[in-house]
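Participant: The structure's right below; bear with me while I get my questions together.
Readers should treat all values here as calculations from the given coordinates under stated rules, not as data from a laboratory. For clarity, every value in this text was computed on a predicted model and none was experimentally measured. As a convention, Cβ positions derive from the backbone with ideal geometry for all residues, glycine included, and neighbour counts pool all protein chains shown.
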Amino acid sequence: MPMLNLHLPDEAATQCLGAVLAETAPVSGWLALRGDLGAGKTTLVRAFLRALGYAGRVVSPTYTLVETYEITGKTSERRIAHYDLYRMNDPEELEWMGAREDFAGDTLCLVEWPERGEGVLPPPDLEIHLLYIDESRRAQMDAHSVAGDAWLNEVKNVLKKNNISSSLD
């Protein structure tokens, strides 16, 4: 499956990536967000939601595990579920929370710390690994499904159209 590597020199670049992901996102599916604490996962999600028109407060659901956003756009309504599994003790907790409906329905799931849900979560459509590189970040993006491949190709097209450099594999 295709890959994309982006240099994110600052927080604004991470926010730009979040906006591009939102602009190109499918109605349903899921995005895995990997990276160390402070790597920019929640910043990316916040920018994603803002780009879709959500104006309310966006916080990491570290203690609640999930925050759901109903976003009414110009032409449609979207349901976004933001999961943060960092404090989850057992992947089976996802079953108790009713996550199966989010991942199988018309919800776009954005999941921080997806490795904590292995064995219960299906493979992601798109995965982003945020890495520290000196004072900046690198985003490594991988598609893991046909839908993820289409999403990643749309991201590449938007970046190319806006002359944003990347390493396209």
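Participant: Would you be so kind as to identify which of Gly98, Leu6, Thr64 lies farthest towards the positive end of the dipole of the chain, taking Lys and Arg as +1 and Asp and Glu as -1 on Cβ and the Cα centre as origin?
Facilitator: Looking along the dipole axis, the top candidate is Leu6.
Participant: For the chain, what is the mean residue ellipticity at 222 nm derived from helices alone (per DSSP H run of n ≥ 4: -39500 (n - 2.57); sum divided by total residues; nearest 500 deg cm²/dmol)? It would help to have the intermediate numbers written out before the result.
Facilitator: On the way: 5 runs with 52 residues, N = 169.
The helix contribution divided over the chain gives -9000 deg cm²/dmol.
Participant: Same structure again: Net charge near Leu65: determine it from the other residues with C-beta under 12 Å of the C-beta of Leu65, scoring Lys and Arg +1 and Asp and Glu -1. All intermediate terms of the calculation are to be shown ahead of the outcome.
Facilitator: On the way: positive: Arg87, Arg116; negative: Glu67, Asp84, Asp90, Glu93, Asp102, Glu112.
Within the 12 Å Cβ shell, the charges total -4.
Participant: Which ordering of Phe103, Phe48 is given by a fewest-first count of other beta-carbon atoms within 10 Å?
Facilitator: Final ranking by Cβ density, sparse to dense: Phe103, Phe48.
Participant: What's the FRET efficiency of His7 with Glu118 using the Cβ-Cβ distance as r and R₀ = 25 Å, to the nearest 0.05? Please list the in-between numbers first.
Facilitator: Working: r = 29 Å, r/R0 = 1.15.
Result of the calculation: an efficiency of 0.30.
Participant: For each of Tyr69, Tyr86, count neighbouring Cβ atoms within 10 Å of the residue's Cβ, then give the residues from fewest to most.
Facilitator: Working: Tyr69 19, Tyr86 15.
Ascending number of Cβ neighbours within 10 Å: Tyr86, Tyr69.
Participant: How many times 2.2 N^0.38 Å is the alpha carbon radius of gyration of the chain? Mind dumping the intermediate values first?
Facilitator: Values: Rg = 15.0 Å, N = 169, 2.2 N^0.38 = 15.5 Å.
For the chain, the normalised Cα radius of gyration is 0.97.
Participant: For Asn157, project a label point 7 Å along Cα to C-beta. Then give me every residue of the range 24-55 with its amide nitrogen under 17 Å of that point.
Facilitator: 24-28
Participant: May I pose another question? With +1 on the Cβ of every Lys and Arg and -1 on the Cβ of every Asp and Glu, and nothing else charged, how large is the dipole of the range 3-154 about its Cα centre, in debye rounded to the nearest 20?
Facilitator: With Lys and Arg at +1 and Asp and Glu at -1, about 460 debye.
Participant: If you add up the charges near Glu95, with Lys and Arg at +1 and Asp and Glu at -1, over every other residue whose beta carbon is less than 15 angstrom from its beta carbon, what do you get?
Facilitator: Numbers: positive: Arg100, Arg116; negative: Asp90, Glu92, Glu93, Glu101, Asp102, Glu118.
Summing Lys and Arg as +1 and Asp and Glu as -1 gives -4.
Participant: Using the charge dipole of the chain (Lys, Arg: +1 at Cβ; Asp, Glu: -1 at Cβ; taken about the Cα centre), state which of Tyr86, Gly117, Ala150 has its Cα farthest towards the positive end.
Facilitator: Value: Ala150.
Participant: So how do Glu93, Glu70 line up by other beta-carbon neighbours within 10 Å, fewest first? Mind showing how you got there, number by number?
Facilitator: Numbers: Glu93 16, Glu70 9.
Fewest-to-most Cβ neighbours within 10 Å comes out as Glu70, Glu93.
Participant: When DSSP assigns beta bridges and you keep just the ones with both residues in the chain, what percent turn out antiparallel, to the nearest 5?
Facilitator: Values: 23 of 38 bridges.
The antiparallel fraction comes to roughly 60 percent.
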